[in-house]
Amino acid sequence: MLNKEKISEYEKKLRAGKTELLLKIEKYSEAEDFGDDIDHSEEEANESESFANRMAIAQTMKERVNEIDIALNRIHLGSYGVCEQCGKEISDEVLNLVPESNLCADCKSNR
């Protein structure tokens, strides 16, 4: 079982990751200034694709922020580091790579 010191380390890591992601989301969500050249449909298509890609990236980051919030809540509830599927402890190896993980390595590989 994770001790308080280790949980505190993961909490700091989660909070730092969340802050970094929120800054990136803000950056990716800002509207780009594509200019007003409307006579080139190929350029418009490229601009639309670029905008769609930025929004997709921002959405993926928002989903990760949500996962971090869930992990922070699990810390608060005292269930952090326990696999939600099988109830076994999630290894430090997994939590060091993905501190918001809610599944152990075995359950992740079975998905």
Expected single match for touching a Ser or Thr at 6+ places or on another chain (Cβ under 7 Å) and either of a type in the set (D, E) or at pLDDT below 95 (or both) among A52, A58 is A58
So which residues in segment 15-41 are exposed (fewer than 14 other Cβ atoms within 10 Å of the Cβ), at pLDDT below 90 and in a helix (DSSP H, G or I), if there are any at all?
-> K27, S41
Within segment 61-84, residues among the charged types (D, E, K, R), assigned to a helix (DSSP H, G or I) and more than 19 Å from E20 (Cα to Cα) come out as R74
State the number of residues belonging to segment 93-111 that are within 17 Å of L14 (Cβ to Cβ) and either surrounded by 13 or more Cβ atoms within 10 Å (Cβ to Cβ) or in contact with an Asp or Glu (Cβ under 8 Å, 6 or more places away or on another chain) (or both).
-> 8
Considering segment 65-94 alone, what residues qualify as being in contact with a helix residue (DSSP H, G or I) (Cβ under 6 Å, 6 or more places away or on another chain) and closer than 27 Å to K24 by Cα?
-> V65, I68, A71, L72, I75, Y80, V94
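The values are calculated or read from the model by the stated rules, or taken from the named source; none is laboratory data. Bear in mind the structure is a predicted one, so any value in this text is a computation, not a measurement. Methodologically, a virtual Cβ is constructed for each residue, glycine included, from the backbone with ideal geometry; neighbour enumeration extends over all protein chains shown.
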